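The values are calculated or read from the model by the stated rules, or taken from the named source; none is laboratory data. This one's a predicted model, so the numbers in the text were calculated from it and none came from an experiment. Heads up, the Cβs are rebuilt from the backbone with ideal geometry, glycines too, and the neighbour counts pull from every protein chain shown. We work out accessible area using only protein heavy atoms, side chains counted, and drop any ligands, DNA or RNA first. Shrake-Rupley method; radii C 1.70, N 1.55, O 1.52, S 1.80 Å.
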Amino acid sequence: MPIPSADEWRANPRKRVVLFGMSGLGKTHVSNLLRGTGDWFHYSIDYRIGTRYMGERIVDNFKREAMRNPFLAQLLKSDSIYIASNITFNNLAPLSTYLGKPGNPERGGLPFEEYCKRQTQHRDAEVSALMDTPYFIERSKDIYGYDNFVCDSGGSICEVVDPDDPADPVLTALSNACLMVWIKGNEAHTDALIQRFRRAPKPMYYQPEFLSRMWGEYLDTHAVAEARVDPDDFMRWTYAKALAHRQPLYAAMARNWGISVTAEDISSVRSTDDFNALIAQRLEAAG
């Protein structure tokens, strides 16, 4: 879908967008708001990953933990209990828990080889979920009658595409179906995200080359063996570097494939009219 003019956006009865950017800048918030109006279908990439593509792996991981407890193991083996993932749009903890963090198993870490295997699984799942977007656009219209569609992408979308490749298959599929919209933060937002992450470090997906480089640098600078790495400390140490790594990738996605809005603008959106007006304003500025 060619990037529309502001007038074309306003006149289009079927508005379709992909929101992308760092987690914590408003993608899910505005997606929930649009869905709440009853006029927009909300497609969450992370939810799709955690249900369709990694749901079985997540539940198997729960079962492995349960099998360590003799009481639960006996009930599980006799089919007396049922273990399931209760993942939702606003609670993606089951997916994060499976992805995990590398380091000392006594601190909840995964061996680096296993961690990399799960990273690869996540990448494959994320690409598949993103490529499902056109299908869900048609599905939302055919089954539910929705004309408007918002794709709430994960923060790692920039890690699984090449924004400077005009033939990138994922970005081609997305941009043919939707308007790509980057929610761009400023230095204050970055500082706030870093501080929040330091308080509660969470699992993330990284490009393999970036992850390998960060892991090697961490081991060297901290003079620590892989099995002794504090998983949370590694995630905190890597996070700010990951933000700096992702920023130019997001910028290239917006420059080559869509438009950008600021996180401040998104935070002021209170209605569908606000959102549509903001997009039209940015299209005018970009045009």
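Laid out as a table, the results:
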quantity: Within a Gaussian network of the chain (alpha carbon springs, distance under 10 Å), most fluctuating of ILE143, ILE194, ILE266; calculated: ILE143
quantity: DSSP bridge orientation in the chain - percent antiparallel, rounded to nearest 5; calculated: 5 percent
quantity: Computed lengthening from ARG14 to ASN256, 0.36 nm per intervening residue step minus Cα-Cα distance; calculated: 84.8 nm
quantity: J(HN,Hα) series, segment 37-54, from Karplus relation 6.51 cos²θ - 1.76 cosθ + 1.60, nearest Hz, glycine and proline x; calculated: 6, x, 10, 10, 8, 9, 9, 9, 5, 5, 5, 4, 4, x, 10, 6, 9, 10
quantity: LYS15 accessible area, 1.4 Å probe, all protein chains in place, Å² to nearest 10; calculated: 20 Å²
quantity: Cross-link table LYS117/LYS202; LYS77/LYS117; LYS15/LYS117; LYS27/LYS141; LYS63/LYS241, entries beyond 29 Å C-alpha to C-alpha; calculated: LYS15/LYS117; LYS63/LYS241
quantity: Simple Cβ-charge dipole of the chain, Lys/Arg +1 and Asp/Glu -1, about Cα centre, in debye nearest 20; calculated: 660 debye
quantity: Fraction of accessible area attributable to carbon and sulfur, segment 25-87 (%, probe 1.4 Å); calculated: 47 percent
quantity: Separation between Cα centres of segment 116-151 and segment 164-233, rounded to whole Å; calculated: 21 Å
quantity: Choice from SER268, SER140, SER260 showing the highest fluctuation, given a GNM over the chain with Cα pairs closer than 10 Å; calculated: SER268
quantity: Ellipticity estimate at 222 nm from DSSP helix runs (n ≥ 4, -39,500 (n - 2.57)) divided over the chain, nearest 500; calculated: -17500 deg cm²/dmol
quantity: Surface accessible to a 1.4 Å probe, LEU33 within the full protein complex, Å²; calculated: 40 Å²
quantity: Per residue accessible area in Å² of segment 200-253, where ligands, DNA and RNA are left out and the probe is 1.4 Å; calculated: 45 Å²
quantity: Candidates LEU130, LEU193, LEU19, ranked by Gaussian network fluctuation over the chain, Cα under 10 Å, top entry; calculated: LEU193
quantity: Where segment 86-182 is the region considered: accessible area per residue in Å², 1.4 Å probe; calculated: 41 Å²
quantity: Per-pair calculated FRET efficiency, R0 = 35 Å: GLN281 and PHE89 via Cβ, rounded to 0.05; calculated: 0.80
